[in-house]
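Comments concern the structure below.
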Amino acid sequence: MRHWRTAFWIVWTALLVAKIVLATHLAPFGDEAWYWQESRHLAIGYSDLPPLTAWLIAAGEALFGHGGLAMRAPFLALGALLPLVVVRIARDLFDETDAWRAGLLALGLPLLGTLGIFALPDVPLTFASALALLAIERAARMHSLRDWALLGVALAFAWLVHYRAAMLLASGFVFFALTSRGRALWRDPGLWLALAIMGLGIAPTIVFNATHHWAALYFQLVQRNPWRFHADALVQPLEQALVCTPLVYALLLWALWKIWKRRQQAAPWDLFLCCAAVPVIAYFVLGLFADDTRFRAHWPLPGYLPLLIALPLLLREAKISAGFRIAAFALLASGSAIAFTYLGMAALPGGADALARMKAFPQQFVGWREAAAETRTLLAQPRFAGSVLAADNFMLAAELDFALEASRPVYTLDHPINTKHGRAPQLAIWQRDEAGLHTLTGRQVLLVVEPGARRERERAQWLDTLCSRLADLEPVARLDAYGGRKRYRWYEGAVSATARIESNPDCVAAKP
C-alpha cells in the first residue's frame, strides 16, 4: 500500500507542476477568453452558461492579478483536488491499495489528468460530479444529514456551472426509482434537504432565463442541436477510445459490465451502475441526434468516475493477464504524456510550426498574441488614438480584450459564429454587438478581421459584407502567421448610423 501511495503523490505532484507551467505559458483560447470577458461583467447568468465559470475566473484574478495563470488558478485547484476525492471514495469502499490505484488511474486518464490547465466549465462540473458521488454514496449508506447536505451543495455547484448538471440529476433519479435501496431513501428527510439546497443552485439560471426571453435555455436545447439522426456520430465509441486510450477504454466498458453483474449485491454496485451507465449510454444516444459540430469527447467524463474507482478491485479479482494490464496502463501513461507534450509544444516558440508539420496544428491556441501585439502597436499611433476598436467575431474580440486588460471597449460585428456559440444575446446585453457599435455614429473604427474564423466555402459570404457594415473601409495592416495558417487583417473605417447589410465582392476586405 505504501508504494502505491508514494507513487500517487509523485505523479500528482509532477502533473500539478506541469499543469501550472502550461497554464502560465499557454495563451487563452477563444472560449476561455470569452469566459474571462464574462468575468468582467459579473451576473447571475449568461446567454451560453450559468455563472460559476465566470465567478471562478473573477476570483482568480482578484487574488492573483490579471494573467493566464491567475485566471486559471481556481481551475488548477479543482483539477488537483478531484483525484483526491476519487481516492477518498475508494478508501471508504475498498482497501487502501485499491484507493491509491484508483487515484493513479484518475491521474492517468488524459481527460482527467489535464483538467485545470484551462479555465473551462468542465473542470468544476467534473469536480462537482465526483463530490456528488462521494456524498450520495455516504448518505445512502450512513443516512447522515451532513452527507445529504454535501450532496445538495455539490449538485447546486454543478447547476451553477453547466446545464449538463441535468445528467447528474438523471443518474440520481434512476438510482432512486429503479433500485430497491434507492426507493427506500425517498423516506429519508436528508434527500429532501439535498434537493432544497440544489434548488439554490438552479435559481440563478431560472431567473436569468426568465428575464432574458429564455435565451440560454433556447440555445442549449434548440439552437445548438439539430435533433435529427446523423450517422457520423456512430464513431463516438472510437472517439472515446482515442481520448481514454483504447485498452483502458475497453477496461472501463468491461468494468461497467462487471458492475452490472453485481447490481444485486446492492452497495455500492447499484449506485455505481446508475452513475456510470446513465451518462455513458445517454450521451451516446444524445450524440446521435444532438450537437455534432463542437468537441464532445468530454461529455461522458462524470460517468467514468465510478468505473475508475471500481476498476482496481475488479482487476484484482479477475483473471486478466498481466501482459494485458501492463500494456493497458503503459498505453494510458503514453496517452497522457502525448496530451501534455502537445500542449507544451503549443506553448513553445516554434512548437506550433513543428505540430503543423505533423498535421496537428494547434489552431485554437496560437496567433492571438501576435494579433494582440499588432493591435497594440496600431493603437499606440496618434492616428488611431481615439479610434473605436472592433473585431469581426466574438472570439477575436475577447482575445483582444484580454490582451489589452480591458483598457478599452472592444465591439464585435454580428458574425455568424456569435450566434452559433450562443454569444450573440450576451453581446447585445452588454451593448458590445453591432447595434451597440452603431450608437457611436461617425466615430473612427479600427477593425480587426480574422478571415479563417469561417470555413473557406463560407468566408467570401462574410467578408463581402464588411464594407456595408462600416463606412469607408481602408486596409491598414496584415499578418500571416504560422505559414498563413493564422491570418489577421486590420482596416480603418467609420461608424455609420445604420448598416444595410449587402454583399459587395469589390469590398477591400473581400480578398484577404
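One residue alone among A231, A255, A267 is assigned by TED's automatic domain parsing to the domain that holds I326, in contact with a helix residue (DSSP H, G or I) (Cβ under 7 Å, 6 or more places away or on another chain) and over 18 Å from I320 (Cα atoms), and that residue is A267. The numbered conditions (1) more than 30 Å from A354 (Cβ to Cβ); (2) at pLDDT below 80 are all true for P512 except (1).
Residue count for region 162-201, restricted to those that are under 21 Å from the mean Cα position of the chain (by Cα), over 20 Å from C274 (Cα atoms) and surrounded by fewer than 17 Cβ atoms within 10 Å (Cβ to Cβ): 0.
Residues that are closer than 30 Å to A203 by Cβ, of a type in the set (D, E, K, R) and within 17 Å of the chain's Cα centre (by Cα) number at least 3 in the following helices (runs of 4 or more DSSP H) confined to region 1-75: 30-39.
Looking at W100, W148, W159, W55, just one residue is surrounded by fewer than 22 Cβ atoms within 10 Å (Cβ to Cβ), in the same structural domain as S334 (by TED's automatic domain parsing) and among the aromatic types (F, W, Y), and that residue is W55. Exactly one residue out of L82, L120, L63 is without any contact (Cβ under 8 Å) to a residue 40 or more places away in the chain, out of contact with any Pro (no Cβ under 8 Å at 6 or more places or on another chain), at negative phi and assigned by TED's automatic domain parsing to the domain that holds A18: that is L63. Within region 425-468, if we keep just the residues that are touching a residue at least 40 places away in the same chain (Cβ under 8 Å) and among the hydroxyl-bearing types (S, T, Y), the residue that is surrounded by the most Cβ atoms within 10 Å (Cβ to Cβ) turns out to be T465. Among the residues examined, P226 qualifies as of a type outside the set (F, W, Y), assigned by TED's automatic domain parsing to the domain that holds I136, at pLDDT below 95 and surrounded by fewer than 18 Cβ atoms within 10 Å (Cβ to Cβ).
Residue under question is F361, and the condition is that it be buried (at least 16 other Cβ atoms within 10 Å of the Cβ), more than 27 Å from L111 (Cβ to Cβ), modelled with pLDDT under 95 and out of contact with any Ser or Thr (no Cβ under 7 Å at 6 or more places or on another chain); does it hold? Spelling it out, it is not the case that F361 is buried (at least 16 other Cβ atoms within 10 Å of the Cβ), more than 27 Å from L111 (Cβ to Cβ), modelled with pLDDT under 95 and out of contact with any Ser or Thr (no Cβ under 7 Å at 6 or more places or on another chain).
If you go through region 374-394 and keep only what is part of a helix (DSSP H, G or I) and more than 17 Å from W34 (Cα to Cα), you end up with E374, T375, R376, T377, L378, L379, P382, R383, F384. What about V207, is it exposed (fewer than 14 other Cβ atoms within 10 Å of the Cβ), under 29 Å from T419 (Cα atoms), without any contact (Cβ under 8 Å) to a residue 60 or more places away in the chain and assigned by TED's automatic domain parsing to the domain that holds L115? No; evaluated as a whole, the condition is false for this residue. So, L247, is that one touching a Leu at 6+ places or on another chain (Cβ under 6 Å), assigned by TED's automatic domain parsing to the domain that holds F94 and surrounded by 14 or more Cβ atoms within 10 Å (Cβ to Cβ) or not? So L247 passes the test. Summed over region 395-424, the residues that are in a helix (DSSP H, G or I) and surrounded by fewer than 21 Cβ atoms within 10 Å (Cβ to Cβ) give a count of 5. Under the condition of being part of a strand (DSSP E or B) and touching a residue at least 60 places away in the same chain (Cβ under 8 Å), the residues counted in region 478-512 number 6. Taken over region 432-468, the criterion of being within 18 Å of K420 (Cβ to Cβ), assigned to a loop (DSSP other than H, G, I, E, B) and not charged (D, E, K, R) is satisfied by T465 alone. Residues in region 123-156 that are of a type in the set (K, R) and without any contact (Cβ under 8 Å) to a residue 24 or more places away in the chain: R146 only. In region 327-346 there is no residue that is closer than 25 Å to E61 by Cα and not in a helix (DSSP H, G or I). Only one of the numbered conditions (1) surrounded by fewer than 22 Cβ atoms within 10 Å (Cβ to Cβ); (2) touching a residue at least 24 places away in the same chain (Cβ under 8 Å); (3) of a type outside the set (D, E) is not met by Y46, and that is (1).
The residue that is farthest from L379 (Cα to Cα), counting only those in region 478-493 that are among the aromatic types (F, W, Y) and touching a strand residue (DSSP E or B) at 6+ places or on another chain (Cβ under 6 Å), is Y488.
Candidates in region 127-145 are the residues that are crowded, with 24+ Cβ neighbours inside 10 Å and touching a Pro at 6+ places or on another chain (Cβ under 9 Å); of these, the one that is farthest from E317 (Cα to Cα) is A128.
The values are calculated or read from the model by the stated rules, or taken from the named source; none is laboratory data. These figures come from a predicted structure and were not determined experimentally. Positions of Cβ are generated from backbone atoms using ideal geometry, with glycine treated the same way; all protein chains shown enter the neighbour counts.
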